[in-house]
Structures are given as C-alpha cells and as structure tokens.
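Note sheet for the following structure.
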Amino acid sequence: MKNVMFVCKHNSRRSQMAEGFARTLGEGKITVTSSGLAINEVDPIAVKVMSEVGIDISQQSSKPLDNFNPEDYDIVISLCGCGVNLPEAWVIREVFEDWQLDDPAGGSLEIFRQVRDQVKERVIKLIASLICHSNPT
C-alpha cells in the first residue's frame, strides 16, 4: 500500500479536500496524510463543500510538514505550487506532482465547489494510476 502526502501552503483547504477524497476513494488502496508549510484552521467552507458530496472532513486538522519524515511517503502531491519551496527530500520521493490548483480562499461557494471538483478529479486519476501500476495486466 502506498503512503501519500498532500501538501499545501496552509493545509486548510485544497490539501484537506484531497485528504478527504483520498481517504474515502482510496480506502484499502492507499494511506493518506496532509500537511502544510505553515498551519491554519481547516476552512469551514471547505468542510461545507465536502459535506455536500458526502465526505466529512470536520475532524481533520492542519498539520505542519515538519512533523513528518519524507522517507515515510512514496507519493508527495503539492496542490498549490509550493513544490518549489519544499525541502529536496520531499520532491525526490517515488512520485512527486505539483497540481497548482487555484486557492479558493475568499471566493464564493461556487469557487470552492469548482476547486473541490478539480481536486476530486485529480485524486481519482492518482488512485487509478496507482492501481494500474500495482496490478499490471
């Protein structure tokens, strides 16, 4: 089972959504954590838009990247373009991607929903690619 780290600047919106989707859609296939370069409260609007699609992230919390060891993760995904600011040990994992999704902070509910849907689409593709690589035909 692959260990996935989603990282974002504040670990309050995009990375929290990715963690929620990956926990739900990747259950039994991957383990997942999210963290940030800095920490903040999980955005209540992110919690709301995730609940609209049946995923509860209300108990998730913002965690600093410094609390984790990069060697414990196979896959590191930056959601905000912060990959350029990550220590090298994080970007040389088996898989590193920088999705560079827009920050919905300060936006309308519709903006949050658009970002949520983009995150979901990317997480689905990530999980599918991991399954294909672990079960070659």
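The values are calculated or read from the model by the stated rules, or taken from the named source; none is laboratory data. The structure presented is a predicted model; accordingly, all values stated were derived computationally and were not measured. Here the Cβ positions follow ideal geometry from the backbone for every residue, glycine too, while neighbour counts run over all protein chains shown.
Every residue, every condition in (1) in contact with a strand residue (DSSP E or B) (Cβ under 7 Å, 6 or more places away or on another chain); (2) not polar (S, T, N, Q), yes or no:
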{"residue": "MET17", "(1), (2)": "no, yes"}
{"residue": "PHE21", "(1), (2)": "no, yes"}
{"residue": "THR24", "(1), (2)": "no, no"}
{"residue": "LYS29", "(1), (2)": "no, yes"}
{"residue": "ALA46", "(1), (2)": "no, yes"}
{"residue": "LEU65", "(1), (2)": "yes, yes"}
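The rows are residues; the columns are (1) modelled with pLDDT under 95; (2) within 14 Å of the chain's Cα centre (by Cα); (3) small (Gly, Ala, Ser).
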position: ALA18; (1), (2), (3): no, yes, yes
position: LEU25; (1), (2), (3): no, yes, no
position: ILE45; (1), (2), (3): no, no, no
position: VAL53; (1), (2), (3): no, no, no
position: ASP56; (1), (2), (3): no, no, no
position: ASP72; (1), (2), (3): no, no, no
position: PRO87; (1), (2), (3): yes, no, no
position: TRP90; (1), (2), (3): no, no, no
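For the stretch 79-131, a tally of residues being of a type outside the set (A, V, I, L, M, F, W, C), under 17 Å from LEU65 (Cα atoms) and either surrounded by 12 or more Cβ atoms within 10 Å (Cβ to Cβ) or touching a helix residue (DSSP H, G or I) at 6+ places or on another chain (Cβ under 6 Å) (or both) returns 6. Does GLU52 satisfy being in contact (Cβ under 8 Å) with a residue 40 or more places away in the chain and either over 29 Å from SER108 (Cβ atoms) or surrounded by fewer than 20 Cβ atoms within 10 Å (Cβ to Cβ) (or both)? For GLU52, the condition - in contact (Cβ under 8 Å) with a residue 40 or more places away in the chain and either over 29 Å from SER108 (Cβ atoms) or surrounded by fewer than 20 Cβ atoms within 10 Å (Cβ to Cβ) (or both) - is met. For GLN118, state whether it is modelled with pLDDT of 95 or more, touching a Pro at 6+ places or on another chain (Cβ under 8 Å) and polar (S, T, N, Q). So GLN118 does not fit the description; no. Helices (runs of 4 or more DSSP H) fully within the stretch 42-136 that include at least 2 residues being closer than 15 Å to VAL7 by Cβ: 88-91, 109-134. Cβ separations smaller than 9 Å between residues 6+ apart or across chains give the following pairs from the stretch 16-36 residues that are within 12 Å of ALA46 (Cα to Cα) to residues that are small (Gly, Ala, Ser) and assigned to a helix (DSSP H, G or I): GLN16/ALA46; MET17/ALA46; GLY20/ALA46. Just to be sure I understand, how many residues within the stretch 1-41 are assigned to a loop (DSSP other than H, G, I, E, B) and touching a Gly at 6+ places or on another chain (Cβ under 9 Å)? Counting residues in the stretch 1-41 that are assigned to a loop (DSSP other than H, G, I, E, B) and touching a Gly at 6+ places or on another chain (Cβ under 9 Å) gives 5.
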